[in-house]
Structure formats: structure tokens, C-alpha cells
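Undergrad: Take this structure first; my questions come after.
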């Protein structure tokens, strides 16, 4: 069966510091991968999605970036965090686009507090 | 534009039935999802509708009307553990981008 893991689970970082959140998926090949953010009291916002290695699309312009160095690894990064980057970050995966009716499954989430 | 609307909060009594509505206006449509999210946790998948009609899964059912841009999630025999936020999400075209509503926070009282 497929599993998804992301880490770290919680993170407290000062303004201006770098960020790296990592996500890996097991049990499937060539998944679609996503990064979402959920700010306090707000809905889930899609940040990045990827259909393959080094194929990243950005949904929202910001100081965050994403990379996919391996098929089942997705990394969210920032060079300099802002206070507004605080939130709950969720990695997610789904089967490739040619698999109709597939569901998006979420990792455990990473709580980021920028202070 | 993309717009998904759900009530912000609902309350219900243990053992009762509650219906959470969702209306959507999106540029594309390739299915509608419902997720459950307990406080501080990741969303978990509940149901998926791509054709009109009712999908039943145990105590939970989900309905879709594509012509009306409308869905609802029906929870029967409510339990205290059903207290959570319920997220409506529309798959907008390819490749499986999900557009989420802000969620409905359901509180179940004894």
C-alpha cells in the first residue's frame, strides 16, 4: 500500500531564516505531488504541484520554492522566511493523471511558526 | 474565477443527522471531494463524486448535482468523534488540482 511521510512535524524558525520541508511517498511510481498551506482559519491553498522529476508548477507567487529531485521526493524551501509564512503545510500525492477518479491523499502535515 | 462556499460552522446533537452543503463555481470540473479534518491534523478522504447522484459509504453519504454546482455531505447517527472540520474540494481539470473551500466546523454535542 502507498504511504506518505513528511517532516519535520513542527518547526519554529526566526524571520529571515531558511526553510526545508521534505516529503516522500512509498508504494507507487510517478505520483503527482503537491504542497498545500493552511493558514489559521483559512482553507487549504495549493502552493506547488509536480507531475514528474524536476517538473514543478507554482500556483501562488511567493518566497517559497519547491523541488523534486527524485520521483517520490518533494521538497518545499525558502531562503528567507516571512512572518506570513507561518501555517500548516501539507504534502499530498495522487496517482498519475491517466488514472481516472483517483484521490489526493495528504501527509501528516508540518506546523511552521515563524517568530 | 474559482469559488467554493460552505457554511463556516454547524452544531448538532449526538445521534442526529446533519447535512453540510457546498456550492461551487470553478472554471473546470473533474470531480468533487469531501475530506474530514480534526483539529491539528491532516485532512482524511471521505468521499468522491464525479457523476450526479448519491454516494453512500456507511454513516456518510455525499450528493452531487453538476448542473446546480451543488453538493452535500450527509452524516447520520452522529458521534462525538465526528466533531471536526469538513472540507469540500473540486478537482479543477488536469493534473488533479484540488480547489478547497474554507471548511465547515461541525460540533457534536451530547
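Coordinate-derived values only; no laboratory data. Small disclaimer: the values here were computed from a predicted structure and weren't measured. When we count neighbours, we look across all protein chains shown, and the Cβ atoms used for this are built from the backbone with ideal geometry, even at glycine.
Undergrad: Enter the mean number of other protein chain beta carbons within 10 Å of the beta carbon of each residue in B:10-22, as an integer.
TA: Details: counts 0, 0, 0, 0, 0, 0, 0, 0, 0, 0, 0, 0, 0.
Average per residue, whole number: 0.
Undergrad: Please give the peptides B:36-46, A:35-45 ranked by average Cβ packing (other Cβ atoms within 10 Å per residue), highest first, as a rough proxy for protection.
TA: Values: B:36-46: 16.3, A:35-45: 17.8.
Ranking, from highest mean packing down: A:35-45, B:36-46.
Undergrad: Continuing with this model, one more query. If you count, for every residue in B:30-42, the Cβ atoms of partner chains within 10 Å of its Cβ, what is the mean? Provide the component values of the computation, followed by the final result.
TA: On the way: counts 2, 4, 0, 2, 0, 5, 0, 6, 0, 0, 3, 4, 14.
Going residue by residue through B:30-42 and averaging, the value is 3.
Undergrad: With viscosity set to 0.692 mPa s and temperature to 37 °C, compute the Stokes-Einstein D of the protein assembly as shown, Rh being the Kirkwood radius across alpha carbon pairs; µm²/s, no decimals. Please report the intermediate quantities before stating the final value.
TA: Numbers: Rh = 18.1 Å.
In µm²/s, the coefficient rounds to 181.
Undergrad: Give the Debye-formula value of log10 I(q)/I(0) at each listed q (0.17, 0.21 Å⁻¹), with one equal scatterer per alpha carbon of region B:1-98, two decimals each.
TA: Treating every Cα as an identical point scatterer, log10 I(q)/I(0) equals -0.74, -1.10.
Undergrad: I've got another one for you. Just need log10 I(q)/I(0) for region B:54-110 at q = 0.14, 0.19 Å⁻¹, Debye formula, equal scatterers on the alpha-carbon atoms, no solvent, rounded to two decimals.
TA: -0.48, -0.83
Undergrad: Just want to confirm a number: the relative contact order over chain A, from Cα pairs under 8 angstrom separated by 6+ residues, in percent. Please report the intermediate quantities before stating the final value.
TA: Working: 286 pairs, mean separation 40.6, N = 115.
In percent, rounded to a whole number, it is 35.
Undergrad: Next question, about the same structure. Quantify how strongly other chains surround peptide B:97-103 by giving the mean number of their Cβ atoms within 10 Å of each of its Cβ atoms. Can you show the working numbers first?
TA: Values: counts 8, 9, 4, 7, 2, 5, 5.
Per residue, the average neighbour count from other chains is 6.
Undergrad: Can you give the convex hull volume of the alpha carbon atoms of region A:22-90 per residue, in Å³? Display every interim value, and only then the final one.
TA: Numbers: hull volume 6.0 nm³, N = 69.
Given the Cα convex hull of region A:22-90, per-residue volume reads 87 Å³.
Undergrad: Let me know the shape class of region B:19-67, please: from the alpha-carbon gyration tensor, a ≥ b ≥ c as square roots of the eigenvalues, rounded when a/c is under 1.5, otherwise prolate if a/b is greater than b/c, or oblate. List each step's numbers first, then the result.
TA: Values: a/c = 2.14, a/b = 1.37, b/c = 1.56.
It comes out oblate by the Cα gyration axes.
Undergrad: Continuing with the same structure: So what are chain A's ellipsoid semi-axes, whole angstrom, largest first, if each one is the square root of 5 times an eigenvalue of the alpha-carbon gyration tensor? Present the calculation step by step, with values, prior to reporting the outcome.
TA: Working: eigenvalues 115, 37, 34 Å².
Each semi-axis is √(5λ); the values are 24, 14, 13 Å.
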